[in-house]
Structures are given as C-alpha cells and as structure tokens.
C-alpha cells in the first residue's frame with residue numbers, strides 16, 4: 001500500500017503533455033459515470049436521466065477538444081495517466097455506491113464532480129505556457145462551473161412541469177418502502193418481542209450476566225430470523241419494494257438493535273441499577289417507534305402510541321409478572 005502512495009506523481013511535477021493526458025482520461029471517466037447514472041435512473045426518473053445524458057455528451061465534447069489540442073502540440077500518442085497516478089488528485093466514488101444511496105445523493109455527487117473538475121482546469125490553466133492551451137483549459141473550467149447551472153436549469157424545467165416533484169416523491173416513497181418500512185418492522189419486533197424473555201429472565205434469576213446472555217441471544221436470533229424472512233418473502237419485483245437484500249439487511253439490523261437496547265444495561269453488575277436503566281431505555285424505544293411510525297408511515301400519532309407504547313408496556317408487564325412469580 002505504501003509503495004503505491006510512493007509511486008504517485010505530484011501534480012506540480014507533471015509536464016503539460018501529462019496534464020492534458022490526465023484531463024482527457026478524467027473527462028472520459030466522468031462521461032461514463034454520467035452515462036451510468038442516466039441508465040440507472042432512466043426508468044424511474046426520466047427527467048434526471050435526460051440531464052445526465054446531456055452532461056455525458058458535454059464531457060465527450062470536452063474530451064474531443066482536449067485530444068485535438070494534445071495532438072496538435074505533442075503528437076498522436078497520449079500518455080496513460082489517470083487520477084490514481086497523481087498524489088492529491090480528486091477521486092471519484094464507486095458508481096455502485098452512489099447508485100445505492102438514492103436520487104438526491106446522485107445529484108449532489110454530480111455537483112461535487114463538476115466542482116472538482118473546474119478546480120482542476122483552473123490549476124491546469126495556470127500551469128500551461130501555451131496561450132491556446134491555457135485558453136482551452138480556462139474555457140473548460142468555466143464550462144464545468146456552468147454544468148451546475150445547467151443541472152439547475154434542467155431541474156427547474158422539470159419542476160415547472162411537475163416532473164421533478166413526482167421524481168422526488170417517488171424517490172422518497174422508494175426509500176420508505178426499501179429501508180424505513182422493513183427497518184421499522186424490525187425495530188418494533190426486536191424492541192417488543194424481546195421484552196418478555198429478557199425481563200422474565202431478569203426477575204426470575206436476578207443475575208445480570210445471565211439476563212444479558214439471554215437478551216443477546218434473543219436479539220441476534222430475532223435479527224437473523226427477521227432478516228431472512230424479509231429478504232425471502234418478497235423479491236420486490238411486483239411489489240416495487242426494492243432490493244430484498246437491502247430490506248433484509250434493514251430489518252435484521254434494526255431487529256437486533258431493538259433487542260440489544262434493553263439487554264446491554266444488564267452488563268452492569270448491580271441488578272436494580274441495570275433494571276432501572278433498561279426500563280428507561282424501553283420507555284424511549286417505544287416512544288421513538290411511535291414517532292417514526294407517525295413521521296414516515298403517516299400513522300396517526302395516537303394510534304401509533306396505542307399500538308406500540310401500550311402494547312409494549314403490556315408485554316413488559318407480562319415478562320415481569322412471569323419472571324417474578
């Protein structure tokens with residue numbers, strides 16, 4: 001790893017030919033990234049896909065201008081130099097990572113890409129001694145700055161026709177279906193279903209370590225079960241609920257966390273202190289679930305309180321009564 005860092009060139013050590021070659025490869029990569037975004041979004045968000053198609057076409061135009069300038073000055077053989085070969089040069093996040101983070105994240109990443117490219121061209125223009133090359137690089141810096149305005153204009157046009165609003169609502173709905181809904185179901189299951197066994201064990205044994213082990217086993221087991229169940233029962237194709245892997249991950253992790261919330265206090269050796277803290281955690285867990293139901297699932301707040309807080313309190317009471325009897 002350290003040898004890879006040591007083999008990188010400093011930007012100030014690059015020749016003008018290498019700077020142009022770096023700009024050519026960067027424009028080529030950015031065009032492919034924008035095209036990938038467009039293809040990913042085309043079915044669900046056609047207006048935003050059109051925006052990225054236009055940006056990819058502009059990047060291709062920049063690349064052709066840079067190649068013409070390079071061949072005029074240095075010949076037909078373009079050195080192979082890429083971002084990862086230059087120390088401190090801006091990087092691009094993997095396309096698969098950004099695609100999985102939603103529409104707004106893709107838009108913000110595109111804005112960051114444009115800003116990075118504009119800064120690079122500004123530095124490259126300052127390093128150039130050829131007037132024509134300096135002018136081209138300065139023009140490209142200005143063009144990259146305009147990309148953000150171009151995106152804003154396209155988004156504004158979409159907003160005027162209601163398309164942008166529809167896309168944003170669709171993205172929010174997909175986020176709720178893929179992450180919030182299964183995560184909330186897992187949190188409810190983990191928080192409520194583990195109350196009885198954990199507190200029954202606590203009052204039956206009054207041994208904090210035993211209670212913690214039972215709580216840990218119940219939480220992890222419930223998380224695995226919920227995760228597999230969520231991933232297996234619906235592939236998301238017909239329901240439109242998104243990737244079963246994402247839903248299973250959200251459900252499994254939140255189920256485990258829901259149970260661990262009131263199991264972890266039993267790492268405290270003193271029984272009544274641990275139990276008091278666990279009870280406080282349960283109180284906040286149940287109210288947090290009711291809030292999330294109201295905020296994201298549009299469940300009336302009083303109904304959410306009745307379903308979660310009252311139901312959870314009854315399960316808690318059942319565990320204490322059974323364990324203490």
If we scan the range 72-95, do we find a residue that is within 12 Å of residue 37 (Cα to Cα), surrounded by fewer than 18 Cβ atoms within 10 Å (Cβ to Cβ), under 15 Å from the mean Cα position of the chain (by Cα) and modelled with pLDDT under 90? yes
Of the residues in the range 19-57, those that are part of a helix (DSSP H, G or I) and farther than 21 Å from residue 134 by Cβ number 26
Answer yes if at least one residue in the range 253-267 is at pLDDT 95 or above and surrounded by fewer than 16 Cβ atoms within 10 Å (Cβ to Cβ), and no otherwise. yes
Kindly establish whether residue 130 is over 16 Å from residue 16 (Cα atoms), touching a residue at least 40 places away in the same chain (Cβ under 8 Å) and loosely packed, with under 15 Cβ neighbours inside 10 Å. no
Kindly check whether there is at least one residue in the range 88-99 that is outside the structural domain of residue 176 (by TED's automatic domain parsing), touching a strand residue (DSSP E or B) at 6+ places or on another chain (Cβ under 8 Å) and touching a residue at least 24 places away in the same chain (Cβ under 8 Å). yes
Take the residues of the range 133-171 that are out of contact with any helix residue (DSSP H, G or I) (no Cβ under 9 Å at 6 or more places or on another chain) and farther than 30 Å from residue 23 by Cα: which is modelled with the lowest pLDDT? 160
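The values are calculated or read from the model by the stated rules, or taken from the named source; none is laboratory data. What you see is a predicted model; the values in this text were computed from it and never measured. Note that we place each Cβ from the backbone using ideal geometry, even for glycine, and neighbour counts take in every protein chain shown.
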